[in-house]
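Visitor: Dumping the structure here so I can ask a few things about it.
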Amino acid sequence: MILVTGGAGFIGSSVVRRLLKDGHSVRVVDDLSKGYVNLESDAPVEFVRADLGNKAETEQVFNGVELCFHLAAKIGGIKYFHDYPATILDENNLMLSSIFSAAVNHGTKIVYISSSMVFERTNIFPSPEEAVLESPPPVTHYGFSKLVGEYYCRAFNEEHGVRYTICRPFNAYGPGEHPEDEPGIAHVIPDLARKVLRGDYPLEIMGSGQQQRCFTYVDDIADGIVTAGLHPKGENEDFNIGEDTPTTVEQLARKIWELCGRTEPFELAHAPAFQHDIQRRIPDVTKTERVVGWRPRISLDEGLQRTIDWLRTSVPAA
């Protein structure tokens, strides 16, 4: 049995679909705190609603589980990081404690879904996996909580023999990720796409627009996570999972503008940047390709068009 925590969420549901496609038996645990479910209602999974910060509940969902993909986390856009630092740090760490304690008791391997935010203070570009240990620690509480999870993997392996694989997604986007009413609570692509689709003019972005990101389609992210998590050479290793072609936020906004069919001259308005708006995140995926044979396949233009088509008919998040 494979357990996917946060399996009703944006990336988690895509991981579940990828596992089901390969014929695996899947148990999903989620507290549904996002207010919407990306997992299909008829998906052939065992679903458990539970609080993974509670060790007793976590122990129960680990019964019979050989492998756990741990995606459940408090996560959002840059404003979310600023507004809820204590919630992020506290709840993510409570889940880590419960998950790894259960892994010890049940002999379960953990595929830990970290984040590109662990690289937020690096000056090594593109950033290989070892840059995590060569760079200053993250300043955001979210990035730090994700780095703590990587230390959990290594510590529980050293002391208790818990097997692990660390995957660091870079800027996942795609259908299933809802925009929010307040800019910065959700991630940049659903936020900008909704603004463009509803007719905002000029289009407001945060900061200069020169921030560089490597946007990676969610199905590619899920494929990378599952590939690394199941590959025998992925055990006790860490992998960057992402597109390695940088795109500025201004370039992204222009692409979304054009793909939405807006005919006005492209024009931006600039809102003040948040304090921790990291200017550059670019992965080196050489190791991932060499060790487990994975690279992303969906181009940014194709992925954005699929996302925009989905957003046109989706119900906005509550």
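The values are calculated or read from the model by the stated rules, or taken from the named source; none is laboratory data. Keep in mind the model is a prediction, meaning the values are calculated, not measured. Ideal geometry is used to build each Cβ from the backbone, glycine not excepted, and the neighbour counts take in all protein chains shown.
Visitor: How many residues are over 21 Å from PRO190 (Cα atoms) and either touching a helix residue (DSSP H, G or I) at 6+ places or on another chain (Cβ under 8 Å) or not polar (S, T, N, Q) (or both) if we restrict to segment 266-296?
Guide: Final tally of qualifying residues: 13.
Visitor: Determine which single condition VAL118 fails, assuming it passes every other condition in (1) more than 22 Å from GLU150 (Cα to Cα); (2) in contact with a Gly (Cβ under 7 Å, 6 or more places away or on another chain); (3) among the β-branched types (Val, Ile, Thr).
Guide: (1)
Visitor: Something else about it: Can you name every one of the strands (runs of 3 or more DSSP E) wholly within segment 1-56 that holds 2 or more residues which are more than 17 Å from the chain's Cα centre (by Cα) and surrounded by fewer than 16 Cβ atoms within 10 Å (Cβ to Cβ)?
Guide: The strands (runs of 3 or more DSSP E) meeting that bar are 46-49.
Visitor: Across segment 226-272, what is the total count of residues that are more than 18 Å from the chain's Cα centre (by Cα), part of a helix (DSSP H, G or I) and either under 22 Å from THR216 (Cβ atoms) or among the hydroxyl-bearing types (Ser, Thr, Tyr) (or both)?
Guide: So the answer is 14.
Let's see how each residue does on (1) in contact with a Leu (Cβ under 9 Å, 6 or more places away or on another chain); (2) under 20 Å from SER97 (Cβ atoms); (3) modelled with pLDDT of 95 or more:
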| site | (1), (2), (3) |
| --- | --- |
| VAL4 | yes, yes, yes |
| ILE11 | yes, no, yes |
| VAL26 | yes, no, yes |
| GLY35 | no, no, no |
| ASN38 | no, no, no |
| VAL45 | yes, no, yes |
| LEU52 | yes, yes, yes |
| THR58 | yes, yes, yes |
| PHE69 | yes, yes, yes |
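Visitor: Residues that are out of contact with any Pro (no Cβ under 8 Å at 6 or more places or on another chain) and under 19 Å from PHE215 (Cα atoms): find the helices (runs of 4 or more DSSP H) completely inside segment 95-198 holding 3 or more of those.
Guide: Those helices (runs of 4 or more DSSP H) span 188-197.
Visitor: Still on this structure, please answer the following. Can you work out which of the residues in segment 57-67 that are among the polar types (S, T, N, Q) and touching a strand residue (DSSP E or B) at 6+ places or on another chain (Cβ under 9 Å) is surrounded by the fewest Cβ atoms within 10 Å (Cβ to Cβ)? Explain how you work it out, then say what you get.
Guide: Step one: filter segment 57-67 for residues among the polar types (S, T, N, Q), giving 58, 60, 63.
From the residues that got through so far, the ones that are touching a strand residue (DSSP E or B) at 6+ places or on another chain (Cβ under 9 Å) too are 58, 60.
On the way: THR58: 24, GLN60: 13.
The extreme case among them is GLN60.
Visitor: A follow-up question, please. State which residue is surrounded by the most Cβ atoms within 10 Å (Cβ to Cβ) when the search covers only segment 287-317 and only residues that are at pLDDT 95 or above and not in a helix (DSSP H, G or I).
Guide: So the residue we want is PRO296.
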